[in-house]
Amino acid sequence: MNKIRVLIAKPGLDGHDRGALVIAQGLRDHGMEVIYTGLRQSPVQIAKTAVQEDVDIIGLSSLSGAHRTLFPKIIEALKEENASDITVIAGGVIPASDIPFLVAEGINKIFTSGSTIDEMAAYIKQHVGTKPSVSPKKISHIGIAVKSIESTLPFYTKTLGLELEGIEEVQSEQVKIAFLKIGESRLELLEALHDSSPIHKFILRNGEGIHHIALEVDDITARIREMTKHGIHFLNSDPKQGANQTQITFIHPRSAHGVLVELCEEVGGPNDEGHVR
Ligand code: ZN
């Protein structure tokens, strides 16, 4: 797992960093990589350091009372650096009455003086998570919705010369699927078995065409858990049986910028040899 990277920063003019150093050490004890900017950093310096150090989160500490002017400037500087995705939390001497203003300005969370480092660490782990420990291995296949596999196949096998590996029915999705091998990947022609099939509805709405892209992953359950932490929605959050001895799920197109992305894990064991793929 990649460690969560935290930048602890002290904007403004106050000259005490004991509290910031205690927090930095406390978060290191929670397994995080912590970078400390040192005293008296300008908002622009803080934003630039955050980008250079590729941090997931910035913790601001302010004792000077200047948080109402300095914190919004840091949020602004992050926007300038195209780094608005970095979570920003803050603590120090901040009156409760200032919290709504700071949250509206874009600070994700304010920890008042009674908060513990454990609370802070728990918040960070929940809201930042870690980057995925493993990226998808390859494009497993591209799914293409067709009205009829029979009438579509000649284009792929004869015109393009691809090899037909097999045809399979997947009852859970109410589809018939033809697999065409292309390098390490496949094209999947999907034909609806019934009018209630998602493929039938897709063709009614969009006509025939590309339906989804499938990425092969290891340990699909762990990937779903990890991505859910990042706010990703799934059509089914428990993996289900797909074609070709796979476990699959779909990322909701809303979470994937309009593309239906399938994650699939090959679960075929050693006895899988010779299975029609
Ligand atoms: Zn698929």
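Restricted to strands (runs of 3 or more DSSP E) entirely inside the stretch 76-146, those with at least 1 residues that are closer than 25 Å to Gln25 by Cα are 87-92, 109-111. You will find that of Leu189, Leu215, the residue that is under 30 Å from Gln126 (Cβ atoms), modelled with pLDDT of 95 or more and within 16 Å of the ligand (Cβ to nearest atom) is Leu215 and no other. Reported count of residues in the stretch 136-151, each being touching a residue at least 40 places away in the same chain (Cβ under 8 Å) and either β-branched (Val, Ile, Thr) or more than 13 Å from the ligand (Cβ to nearest atom) (or both), is 10.
Each residue in the stretch 175-195 was checked for being over 29 Å from the mean Cα position of the chain (by Cα) and in a loop (DSSP other than H, G, I, E, B), and 3 pass.
Number of residues in the stretch 42-74 that are acidic (Asp, Glu) and surrounded by 18 or more Cβ atoms within 10 Å (Cβ to Cβ): the value is 1. The condition (being crowded, with 21+ Cβ neighbours inside 10 Å, touching a helix residue (DSSP H, G or I) at 6+ places or on another chain (Cβ under 8 Å), assigned by TED's automatic domain parsing to the domain that holds Asp17 and modelled with pLDDT of 90 or more) is satisfied by just one residue among Ala77, Ala90: Ala90.
Within the stretch 152-166, being more than 15 Å from the ligand (Cβ to nearest atom) and of a type in the set (D, E, K, R) holds for Lys158, Glu163.
The values are calculated or read from the model by the stated rules, or taken from the named source; none is laboratory data. All figures in this text were calculated on a predicted structure; none of them were measured in a lab. Here the Cβ is made from the backbone with ideal geometry for all residues, glycine too, and neighbour counts use every protein chain on show.
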